[in-house]
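Undergrad: Following this message is one structure expressed as structure tokens.
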Amino acid sequence: MTAGKFAKTLWVLIPALMAGTSAMAAEPAGGGANPTAIGMFIAIVLVTLGITAWAAKRTRSASDFYTAGGHISGFQNGIALAGDFISAGALLGLAGLVYASGFDGLIFAVGYSTGLPLVVFLVAERLRKLGRFTIADVLATRLDERPIRMFTAFATLVIVVFYLIAQMVGAGQLIRLLFGLDYVYAQIIVGALMICYVVFGGMMATTWVQIIKAVMLIGAGIVMALAVLVHFGFSYDAIISRAIAVHPRHEAIMLPQVFSGSPLQTISLGLTLMLGTAGLPHVLMRFFTVPDTRAARVSVFWGTLGVSGFFALIFILGFGALAIIGGDPTYVDAKGALRGGGNMATIHLAHALGGSPLMGFVSAVSFATILAVVSGLTLAGASSVSHDLYARTFRRGRASEASEIRVSRLATIGLGVLSVLLGIVFQTQNVAYMISLAYAIACSSTLPLLLLTLYWGGLTTRGAITGGMVGLIAAVTLTILGPPVWVKVLGNAAPIFPIDPPTIVSMPLAFFTAWLVSVLDRSRAPAGLASGVGAAE
């Protein structure tokens with residue numbers, strides 16, 4: 001699409017957004033509309049659309065669209081990488097988990113922050129050397145291209161969809177609380193903006209939106225954490241004591257309830273949180289945007305620094321929210337539940353600390369966070385459809401770059417519509433949990449194939465696809481049969497499979513199946529990496 005056409009699109013879209021926010025202000029919900037939040041919301045939308053217009057002028061080739069032409073520096077990519085992690089699940093979901101369950105929420109925060117460094121040691125540098133646009137590019141260096149691309153595209157789309165659900169739910173609840181807009185319309189606004197960023201700006205727009213929102217979000221987290229500490233005289237003991245006093249379970253919130261199921265469940269959760277990162281397609285795709293492996297290492301350093309620092313703030317924000325707004329009828333209903341849903345603890349805390357101005361700023365930044373993350377996820381999913389399926393599988397490499405980008409844009413629109421529909425269906429789910437489910441699927445499908453491809457020379461195409469498919473099906477099926485779906489959604493008395501998440505079963509099953517089928521497979525492995533170390537180093 002030309003810059004002129006894009007400018008005309010903005011000319012139509014911006015007034016529509018402004019009219020929409022005026023309608024939001026006219027129908028307040030809960031505590032009423034927040035003019036500060038509305039103003040900042042409009043400002044952020046205008047800035048990000050401006051970035052998209054700028055990026056659209058520089059997006060001419062498939063490389064520009066998928067990976068920003070490899071022109072993102074290590075520092076810039078590191079901040080964007082941190083932005084991929086510091087999502088709605090971090091700011092809204094994790095603080096909500098700490099508010100509701102105490103220590104359990106911190107387990108998720110520690111697990112997410114320890115996952116990123118593992119990406120460096122396991123896949124980051126090798127990925128940058130072997131890949132071009134997607135994960136399948138790496139796998140295709142060793143395995144038969146068509147079948148492995150078809151499976152990888154399918155697995156990527158499953159992971160992306162589950163991750164998208166979490167972000168869309170957080171966005172919908174946020175807009176509904178702040179602006180009084182119906183949840184369905186909130187979903188449509190987020191979906192429309194997401195499609196706009198990816199369709200017109202590609203990876204360049206997505207990266208710079210991520211960088212801006214990461215800086216704003218870390219800044220907002222620091223300001224709020226300092227405000228909480230000031231409120232309690234810089235005494236963390238005072239925060240914890242007050243949180244214990246107001247929570248219905250009192251001292252029990254300092255105990256790891258998630259560990260009470262069984263040691264297997266504890267290990268399974270740890271594996272999911274720490275290893276899932278190395279299989280997430282939108283995170284791995286970031287390593288194709290830098291010029292070389294050194295920049296990839298720099299990316300992870302800055303990304304880890306940003307992620308670890310922000311998750312450390314969750315320890316203050318979560319318990320601070322419980323200590324300050326717990327039991328306050330302004331923020332909780334008659335049953336003690338947070339107004340607006342369990343993911344709104346951070347937003348209510350911002351209002352309690354700084355009134356409408358701080359709440360407006362944090363809300364607008366949260367919305368920018370969600371927009372950036374869903375854009376990256378959508379781009380990863382659309383790239384699998386256009387590059388892996390259309391260009392490399394169906395057209396066998398004969399597709400023009402223009403047609404490939406056109407298919408990617410159509411896939412973006414399709415994913416946008418699907419994410420809106422699923423966001424409506426799953427609106428009551430905790431967003432942090434939905435992200436952990438996406439991690440479990442990544443651990444059991446794309447991660448085993450990546451590790452075996454990079455480190456074991458005996459992997460065959462048949463073994464890879466069979467192992468990946470078994471792991472993916474096992475992860476989804478055991479989740480359905482487990483507590484989150486079988487009991488909480490379907491209303492059964494007890495789960496058929498008791499471990500949640502099921503990674504401790506599904507991930508080893510994927511590795512074992514891939515190994516066994518490869519060993520028994522009489523077909524010859526394709527030429528490529530002679531060993532797991534050889535060509536990657």
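Undergrad: If you go through the range 431-450 one residue at a time, do you hit one that is crowded, with 24+ Cβ neighbours inside 10 Å, modelled with pLDDT under 85 and farther than 14 Å from Thr272 by Cα?
TA: Yes: the range 431-450 contains one or more residues that are crowded, with 24+ Cβ neighbours inside 10 Å, modelled with pLDDT under 85 and farther than 14 Å from Thr272 by Cα.
Undergrad: What's the number of the only condition in (1) free of Cβ contacts under 8 Å to residues at least 40 places away in the same chain; (2) more than 18 Å from Pro248 (Cα to Cα); (3) surrounded by 15 or more Cβ atoms within 10 Å (Cβ to Cβ) that Ile347 fails to meet?
TA: Unmet condition: (1).
Undergrad: Do you know which residues across the range 128-147 are surrounded by 24 or more Cβ atoms within 10 Å (Cβ to Cβ) and aliphatic (A, V, I, L, M)?
TA: Once the filter is applied, which keeps residues that are surrounded by 24 or more Cβ atoms within 10 Å (Cβ to Cβ) and aliphatic (A, V, I, L, M), the range 128-147 yields Ile135, Ala136, Val138, Leu139, Ala140, Leu143.
Undergrad: Shifting gears a bit: Name the pairs whose Cβ atoms lie under 7 Å apart, with the first residue in the range 94-122 and at pLDDT 75 or above, the second of a type in the set (Lys, Arg) and not in a helix (DSSP H, G or I), and 6 or more positions between them or separate chains?
TA: none
Undergrad: Okay, next question. Of a type in the set (Ser, Thr, Tyr) and surrounded by fewer than 24 Cβ atoms within 10 Å (Cβ to Cβ): does that describe Thr330?
TA: Numbers: of a type in the set (Ser, Thr, Tyr): yes; surrounded by fewer than 24 Cβ atoms within 10 Å (Cβ to Cβ): yes.
When the stated conditions are applied, Thr330 passes them.
Undergrad: Does Phe315 count as modelled with pLDDT of 80 or more, surrounded by fewer than 21 Cβ atoms within 10 Å (Cβ to Cβ), part of a helix (DSSP H, G or I) and of a type in the set (A, V, I, L, M, F, W, C)?
TA: For Phe315, the condition - modelled with pLDDT of 80 or more, surrounded by fewer than 21 Cβ atoms within 10 Å (Cβ to Cβ), part of a helix (DSSP H, G or I) and of a type in the set (A, V, I, L, M, F, W, C) - is met.
Undergrad: Identify all residues within the range 364-403 that are more than 29 Å from Lys213 (Cα to Cα), assigned to a helix (DSSP H, G or I), open to solvent by 10 Å² or more (accessible area, probe 1.4 Å) and not small (Gly, Ala, Ser); write none if there are none.
TA: Correct list: Leu389, Tyr390, Arg392, Phe394, Glu401.
Undergrad: Go through (1) under 26 Å from the mean Cα position of the chain (by Cα); (2) modelled with pLDDT of 90 or more; (3) of a type outside the set (D, E, K, R) for Thr466 and report which single condition fails.
TA: (1)
Undergrad: Ok, one more. Please indicate, with yes or no, whether at least one residue in the range 372-380 is in contact (Cβ under 8 Å) with a residue 12 or more places away in the chain and farther than 19 Å from Leu280 by Cβ.
TA: no
Undergrad: Right, something else. How many residues does the range 257-302 contain that are farther than 25 Å from Val160 by Cα, small (Gly, Ala, Ser) and modelled with pLDDT under 80?
TA: 3
Undergrad: In addition: What is the one condition in (1) open to solvent by less than 10 Å² (accessible area, probe 1.4 Å); (2) at pLDDT 85 or above that Leu410 does not satisfy?
TA: Result: Leu410 passes all but (1).
Undergrad: Taking Ser375, is it at pLDDT 80 or above and among the small types (Gly, Ala, Ser)?
TA: Values: at pLDDT 80 or above: no; among the small types (Gly, Ala, Ser): yes.
Spelling it out, it is not the case that Ser375 is at pLDDT 80 or above and among the small types (Gly, Ala, Ser).
Undergrad: Here is a further query. Among the listed residues Met150, Met194, Met168, Met204, identify the single one that is under 25 Å from Ser356 (Cα atoms) and in contact (Cβ under 8 Å) with a residue 40 or more places away in the chain. It would help to see each step written out before you state the result.
TA: Details: Met150 fails: under 25 Å from Ser356 (Cα atoms); Met194 fails: under 25 Å from Ser356 (Cα atoms); Met204 fails: under 25 Å from Ser356 (Cα atoms).
Matching residue, one of Met150, Met194, Met168, Met204: Met168.
The values are calculated or read from the model by the stated rules, or taken from the named source; none is laboratory data. Please read these numbers as outputs of a predicted model, since none were measured by experiment. Note that we place each Cβ from the backbone using ideal geometry, even for glycine, and neighbour counts take in every protein chain shown. SASA here: full protein model, heavy atoms, side chains in, ligands and nucleic acids out. Shrake-Rupley method; radii C 1.70, N 1.55, O 1.52, S 1.80 Å.
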